[in-house]
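J.: This is the structure I have questions about; it appears just below.
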Amino acid sequence: MAPMIEHDGPQAAHRRIAAAMMYAIEKHWHQRRRDGTPYIAHPIRVAECLRRIGGVDDPDVIIAALLHDSIEDTDCEWDDLDKRFGRRVADLVATLSGDMRMPKPERRTEVIERARTAPREAQAIRLADRLDNLLDMSGFSQARKEEYVDGSEKTLAACRGANPALEAAMAAAIAKVRAELQA
């Protein structure tokens with residue numbers, strides 16, 4: 001097991017983000033997106049959306065974005081994230097993780113409902129996550145695109161006030177996909 005990354009010092013944030021990137025690569029190395037591309041590109045883009053569009057520079061939030069699917073989609077557990085990256089990161093990731101034991105429709109509804117009361121940082125990550133998926137729907141069927149856009153509108157409503165720049169970008173992406181679906 002890798003040692004805990006220090007949380008202090010001038011380079012600590014960069015080292016922690018790099019460690020989170022390597023951990024995410026390790027956990028997602030075998031996964032592919034629907035279009036066959038490496039899955040790891042998604043969490044990297046989510047973190048970049050937070051930074052570039054949302055203006056987020058909090059290292060814990062960037063780290064949680066890199067790891068946002070690790071509990072839900074890999075063998076990663078909260079305890080491991082807590083030991084490696086701290087309780088705040090582990091809690092943010094847990095807040096973003098669906099309960100895979102639930103049937104998919106109920107799980108999707110529960111994740112949106114949980115977003116309503118989630119910390120603003122988790123809401124911002126959720127917005128960046130949905131935004132990235134809206135911008136890259138390769139491999140989604142027409143029906144899945146329609147379903148995803150509907151869920152994205154509900155997510156946007158649940159996360160209002162978390163990050164105006166991400167909200168605007170997501171609203172624009174929803175409108176674009178809706179227009180493409182109607183064309």
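J.: Counting just the residues of segment 15-39 that are in contact with a Gly (Cβ under 7 Å, 6 or more places away or on another chain) and open to solvent by 60 Å² or more (accessible area, probe 1.4 Å), which one comes out nearest to A64 (Cα to Cα)?
T.: Narrowing segment 15-39 to residues in contact with a Gly (Cβ under 7 Å, 6 or more places away or on another chain): 33-35.
Filter once more, so that each one left must be open to solvent by 60 Å² or more (accessible area, probe 1.4 Å): 34-35.
Working: R34: 23, D35: 25 Å.
Out of the qualifying residues, it is R34.
Rundown of residues vs (1) in a helix (DSSP H, G or I); (2) within 14 Å of N163 (Cα to Cα), yes/no style:
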{"site": "L50", "(1), (2)": "yes, yes"}
{"site": "G55", "(1), (2)": "no, yes"}
{"site": "A64", "(1), (2)": "yes, no"}
{"site": "I71", "(1), (2)": "yes, no"}
{"site": "D80", "(1), (2)": "yes, no"}
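J.: Out of curiosity, is A90 closer than 24 Å to G161 by Cα, touching an Asp or Glu at 6+ places or on another chain (Cβ under 8 Å), surrounded by 12 or more Cβ atoms within 10 Å (Cβ to Cβ) and hydrophobic (A, V, I, L, M, F, W, C)? Let's see the steps before the verdict.
T.: Numbers: closer than 24 Å to G161 by Cα: yes; touching an Asp or Glu at 6+ places or on another chain (Cβ under 8 Å): yes; surrounded by 12 or more Cβ atoms within 10 Å (Cβ to Cβ): yes; hydrophobic (A, V, I, L, M, F, W, C): yes.
Yes: the conditions hold for A90.
J.: Here are some residues: L92, L96, L81. Which one is of a type outside the set (D, E, K, R) and touching a Pro at 6+ places or on another chain (Cβ under 8 Å)? Before the answer, list the steps.
T.: Numbers: L96 fails: touching a Pro at 6+ places or on another chain (Cβ under 8 Å); L81 fails: touching a Pro at 6+ places or on another chain (Cβ under 8 Å).
Result: L92 is the single residue among L92, L96, L81 that is of a type outside the set (D, E, K, R) and touching a Pro at 6+ places or on another chain (Cβ under 8 Å).
J.: From the list D73, D80, pick out the single residue that is under 13 Å from A20 (Cα atoms) and surrounded by fewer than 23 Cβ atoms within 10 Å (Cβ to Cβ).
T.: Working: D73 fails: under 13 Å from A20 (Cα atoms).
Being under 13 Å from A20 (Cα atoms) and surrounded by fewer than 23 Cβ atoms within 10 Å (Cβ to Cβ) holds for just one of D73, D80, which is D80.
J.: Among the numbered criteria (1) assigned to a loop (DSSP other than H, G, I, E, B); (2) hydrophobic (A, V, I, L, M, F, W, C); (3) surrounded by fewer than 19 Cβ atoms within 10 Å (Cβ to Cβ); (4) modelled with pLDDT of 95 or more, which single criterion is violated by M102?
T.: Looking at each condition in turn, M102 falls short on (4).
J.: If you don't mind, there's one more thing I want to ask. Restricting attention to segment 90-135, and to residues there that are free of Cβ contacts under 8 Å to residues at least 40 places away in the same chain and among the acidic types (D, E), which single residue is farthest from L181 (Cα to Cα)?
T.: Per the criteria, the residue is D91.
The values are calculated or read from the model by the stated rules, or taken from the named source; none is laboratory data. No experiment lies behind these values; they were computed from the predicted model shown. Cβ atoms come from the backbone with ideal geometry, glycine included; neighbour counts cover every protein chain shown. Just the protein is used for accessible areas: all its heavy atoms, side chains included, with ligands, DNA and RNA removed. Shrake-Rupley method; radii C 1.70, N 1.55, O 1.52, S 1.80 Å.
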